[in-house]
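In what follows, a single structure is set out as structure tokens and then discussed.
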Amino acid sequence: IDLETTGFSPLRGDRVIEVGAVAVESGVTAEEFHTLVRVSRTIPRQASLVHGITDRMLDGQPLPQEVYPAFRDFIGGSTLVAHNAQFDLAFLAHELGRLGMSLPNRHICTLRLARRRLPRLPNHRLETVYRHLFGGLPEGNRQHRALDDARLTAMVWLALAGG
């Protein structure tokens, strides 16, 4: 999974504005989930510069109460895999909690896994790890967009978990 947000802290009012997830079965992508999320919080310029999502892009998008029940159905009881899982899962748990829902799923952090398995990399950002493992980013990949980063995370996890 991967999320894009308005900032760094759900406790300071930052919100999830994009959700991307890839379901992997037997080592291949079986299904994907992706949506922007319309929230009442304005996207700060600094955040928009990172992921490219603007307030205007959220116009007409589904509200959190539409997104998260569908997302819970998508993930079911699966183990969630995220790069820097602590960040994404804190936001996801906060958003679900706002709707009276919980996040009991187990999780795996590919950032922690990469740090253990690839200690000599100059950094362990998702793009760096992916490039190290696969030589380059897929054509058309948009860095810091939820579905594209979820796809990279799935590939990194499959490569690191197998090794």
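The values are calculated or read from the model by the stated rules, or taken from the named source; none is laboratory data. Since we're looking at a predicted model, the values are computed, not measured. Here the Cβ positions follow ideal geometry from the backbone for every residue, glycine too, while neighbour counts run over all protein chains shown. The protein model used for the area step is the full one, side chains on, heavy atoms only, and it has no ligands, DNA or RNA in it. Shrake-Rupley method; radii C 1.70, N 1.55, O 1.52, S 1.80 Å.
General remarks:
- One decimal place: the segment Ser102-Ala90 gains 3.2 nm when fully extended, by the rule 0.36 nm per residue minus the C-alpha distance.
- Relative contact order [Cα under 8 Å, 6+ residues apart], the range 74-141, whole percent: 31 percent
- The charge dipole of the range 87-136, taken about the Cα centre with unit charges on the Cβ atoms of Lys, Arg (+1) and Asp, Glu (-1), comes to about 340 debye, rounded to the nearest 20.
- Ranked from largest to smallest solvent-accessible area, with a 1.4 Å probe on the protein heavy atoms, Ser78, Ser48, Ser40 come out as Ser40, Ser78, Ser48.
- Working value for the range 1-91: equivalent-ellipsoid semi-axes of 23, 14, 12 Å, each the square root of 5 times a Cα gyration tensor eigenvalue, largest first.
- Heavy-atom accessible area ranking, 1.4 Å probe, most first, across His94, His132: His132, His94
- Percent RCO, i.e. relative contact order, over the chain, from Cα pairs under 8 Å lying at least 6 residues apart: 27 percent
- Between Arg12 and Phe74, the simple spin-label model (points 7 angstrom out along Cα→Cβ) gives 2.8 nm.
- Lys, Arg +1 and Asp, Glu -1 on Cβ, resulting dipole of the range 1-159 about Cα centre, debye, nearest 20: 720 debye
- Computed [θ] at 222 nm, deg cm²/dmol, the chain (DSSP H ≥ 4; -39,500 (n - 2.57); rounded to nearest 500): -12500 deg cm²/dmol
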